[in-house]
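Contents: one structure, followed by commentary.
What follows draws every value from the coordinates through simple rules; no lab data is involved. Since this is a predicted model, take the numbers as computed values, not measurements. Every residue, glycine among them, receives a Cβ derived from its backbone with ideal geometry; neighbour counts consider all protein chains shown.
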């Protein structure tokens, strides 16, 4: 199976326990859609390798514990650390117009309703409390909570997201710039 005919479901994070279980991250808001799958594709050395799934157990947020057939020890599971997971395109659920997969918004331009363009999304941190967009704004890393209530407009065609950020959030990251400008004046 070729990557062109597949979508990235998520990634394996690290071994879980001693019997070959692996903690994984599902790049979806609804992990329930993927809890009954029989097999999955694991990217190993640039190739997609199919594995039968023995067991899937949901965890907190977008994490699951997956047991792949033939992986029975922590040492074997360790070899799968940080590998990407794929499924054939026919398994992609139909998303609503304002829904997206995390991997597809990398490179999208983020703007704020008050201050305008902030910068492009470089990556997304998946944290237990809250997922964070990582944006480069004026050579500074800005972390923005990825919460539906902050998103005012999502435009897949223009690769842009308009957000209404909490007051003062950008200033926390960019205040040094303003202080430097004031010193120069």
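Side notes on the structure shown:
- Only beta bridges with both residues in the chain are counted; by DSSP, about 90 percent of them are antiparallel.
- Hull volume per residue, based on the alpha-carbon atoms of region 102-180 and their convex hull, is 93 Å³.
- Shape metrics for region 3-90, restricted to C-alpha atoms - Rg then Dmax, Å: 11.8, 35
- Net length gained if the chain between residue 167 and residue 65 were fully extended (0.36 nm per residue, minus Cα distance): 32.9 nm
- Reported label for calculated volume of the Cα convex hull per residue in Å³ given (i) 116; (ii) 149; (iii) 102: (ii)
- Spin-label model, residue 130 to residue 78: label points 7 Å out along the Cα-to-beta-carbon direction sit 3.6 nm apart.
- Seen against the Cα atoms of the chain and their longest principal axis, helix 169-184 is set at about 40 degrees.
- Extension gain, residue 45 back to residue 33 (0.36 nm per residue minus Cα-Cα distance, nm): 1.6 nm
- A Förster radius of 41 Å combined with the Cβ-Cβ distance from residue 2 to residue 117 puts the calculated FRET efficiency at roughly 0.70.
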